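Engineer: Okay, handing you the structure first.
Laboratory data are not the source of any read-out in this text; all were calculated from the coordinates shown. The structure displayed is predicted, hence computed values, not measured ones. For neighbour counting, all protein chains shown are included, and Cβ atoms are generated from backbone atoms with ideal geometry for every residue, glycine included.
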Ligand code: SDX
């Protein structure tokens, strides 16, 4: 607190003028999440990634014909320009896939510069399709690069999720059979990430889009915001945290004490939320499917038991209860991604693919709405009052 009496909270990114949106509704106290009015549990159980993408972007569920044409158009745009692939070889093999992803997406706009005018509805539709079609391909290339394997070409005979799985886990030298359990589990996880109101990365996409920047540049900015460990990077940080607890032998209780004592700024990653002061409904759905998915994949992972033990202890501890800290969407997702075979550093890339439709929907609200204004969060000035330069009276 400074002599002005303002607290640290005032230095947060507090946009006092609430930003209107019709895409997603959250009640943080009740743990409610609805996509365009539909409850998240009904959507995650019954829908598909592309059907939800259409719902978020256009506001209503698509007809069967609309969804069929949407799917077909996306399949026809999965190819990435051969020159763009050279970006991947220019980056170090140790590069984090999130840095690779944001670089490649930003470069994507250079291939379509004559078709990015946000005031041209045809270009807006075309670039939405291009973004949905090419992000999973670029993400798979980032994965292949990180493990030193050759890139595969998209298989347009496969649906969105199956094509993505084949691009990541297929190899040139042998046929790849998509595991239906893995496919359905990944589809459900992607749906759970598709939107979440005005979180940090979505607010970034809105702010950049409100300046008239195109979808590729705005999405690249959102990817960079998501990368942070307090946001999308948390799913990767949770696995690292669980691994450290296991490897150090310090035990869960001792770790929790360190968190409560704020030793070295340690946090219980995957816990807490800016909005949810109750159990994140997505975390509940992910936890429910974790056992089922790992069992169906024939994987048993002690880290899942460790996560459950950690949750049990935290939920019964006054320190977390008083601060209304509950598991968020990132707490259990990493264990499932790991069981699927994704390296830990790909977890936030998976989050980005999930969040893409929400980002595109919010980009439209911020740039297509005639009432939209350029984003400029209100500031609360708490700095020095007027004063003269030394020697100037
Ligand atoms: C996502 O916004 C979204 O919707 C995001 C997201 C989405 O779908 O887009 O839901 C995805 O980003 C989920 C959050 C993933 N991040 C993590 O899991 C990282 C760990 N969580 C924290 O860093 C934290 O909880 C935040 C950043 C998520 C939220 O922080 P808040 O609400 O600003 O809480 P705070 O910083 O005001 O903390 C209040 C108190 C503090 O203690 P005191 O100073 O009162 O003693 O709670 C403590 C904090 O130290 N606290 C934690 C904690 N989170 C808050 N203590 C230990 N572990 C934690 N995780």
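Engineer: Normalised by the number of residues in the stretch 237-393, what is the relative contact order in percent for Cα pairs under 8 Å and 6+ residues apart? Walk me through the numbers before you get to the answer.
Structural biologist: Details: 115 pairs, mean separation 41.8, N = 157.
27 percent.
Engineer: I need the shape label for the stretch 82-177. Rule: rounded when a/c is under 1.5, else prolate if a/b > b/c, else oblate, with a, b, c from the alpha carbon gyration tensor.
Structural biologist: Working: a/c = 2.61, a/b = 1.40, b/c = 1.87.
The shape class here is oblate.
Engineer: Shifting gears a bit: Rounded, prolate or oblate for the stretch 167-207? Axes are the square roots of the Cα gyration tensor eigenvalues, ordered a ≥ b ≥ c, and the cut-off for rounded is a/c under 1.5. Let's see the in-between values first.
Structural biologist: On the way: a/c = 7.19, a/b = 2.27, b/c = 3.17.
Oblate.
Engineer: Using 0.36 nm per residue, how much length does the chain from residue 200 to residue 308 gain when fully extended, once their Cα-Cα distance is taken away? Show your work: numbers first, answer last.
Structural biologist: Numbers: separation 108, 0.36 × 108 = 38.88 nm, distance 2.76 nm.
This chain segment gains 36.1 nm when fully extended.
Engineer: Name the shape class, rounded, prolate or oblate, that the alpha-carbon gyration tensor gives for the stretch 140-277, where a ≥ b ≥ c are the square roots of its eigenvalues, rounded holds for a/c under 1.5, and otherwise prolate holds if a/b is larger than b/c and oblate otherwise.
Structural biologist: Working: a/c = 2.23, a/b = 1.29, b/c = 1.73.
Judged from the Cα gyration tensor, the stretch 140-277 comes out oblate (a/c at least 1.5, b/c at or above a/b).
Engineer: Could the peptides 323-336, 244-257 be put in order, highest first, of the mean number of other beta-carbon atoms found within 10 Å of their residues?
Structural biologist: Numbers: 323-336: 24.3, 244-257: 13.6.
The most tightly packed comes first, giving 323-336, 244-257.
Engineer: Going by how many other Cβ atoms sit within 10 Å of their own, how do 346, 182 line up, fewest first?
Structural biologist: Values: 346 25, 182 20.
With the sparsest Cβ surroundings first, the list reads 182, 346.
Engineer: So, one more: Starting from the Cα-Cα distance between residue 292 and residue 89, subtract it from 0.36 nm times their residue separation and give me the gain in nm to one decimal.
Structural biologist: Values: separation 203, 0.36 × 203 = 73.08 nm, distance 3.86 nm.
So the chain would gain 69.2 nm between residue 292 and residue 89.
Engineer: Going by Cα centres, the stretch 35-77 and the stretch 340-393 are how many Å apart?
Structural biologist: 26 Å
Engineer: For the pair residue 79/residue 300, report the inter-label distance in nm, with labels modelled 7 Å from Cα in the Cβ direction.
Structural biologist: 4.9 nm
Engineer: So how far apart, in nm, are the two label points at residue 129 and residue 110 if each is 7 Å from Cα heading toward Cβ?
Structural biologist: For residue 129 paired with residue 110, the spin-label model returns 2.6 nm.
Engineer: Apply 1/(1 + (r/R0)^6) to the Cβ-Cβ distance of residue 324 and residue 262, taking R0 = 25 Å, and write down the FRET efficiency to the nearest 0.05.
Structural biologist: Calculated value: 0.90.
Engineer: Using a Debye calculation, one point per C-alpha and no hydration shell, please list log10 I(q)/I(0) for the chain at q = 0.07 Å⁻¹ in order.
Structural biologist: Debye curve over Cα of the chain, log10 I(q)/I(0) at q = 0.07 Å⁻¹: -0.34.
Engineer: If you don't mind, another one. Any chance you could run the full-extension gain for residue 120 through residue 315? It's 0.36 nm times the residue separation minus the Cα-Cα distance, nm to one decimal.
Structural biologist: 65.1 nm
Engineer: Could you list 363, 54 so that the one with the fewest beta carbons within 10 Å of its beta carbon is first and the one with the most is last?
Structural biologist: Taking fewest neighbouring Cβ atoms as first place, the list is 54, 363.
Engineer: Could I ask something else about it? What order do you get for 194-203, 32-41 when each peptide is scored by the mean count of other beta carbon atoms within 10 Å, highest first? Don't jump to the answer; show the numbers that get you there.
Structural biologist: Details: 194-203: 22.5, 32-41: 18.2.
The packing order, highest mean first, is 194-203, 32-41.
Engineer: Springs between alpha-carbon pairs under 10 angstrom, Gaussian network model over the chain: which of 90, 221, 366 fluctuates most?
Structural biologist: 90
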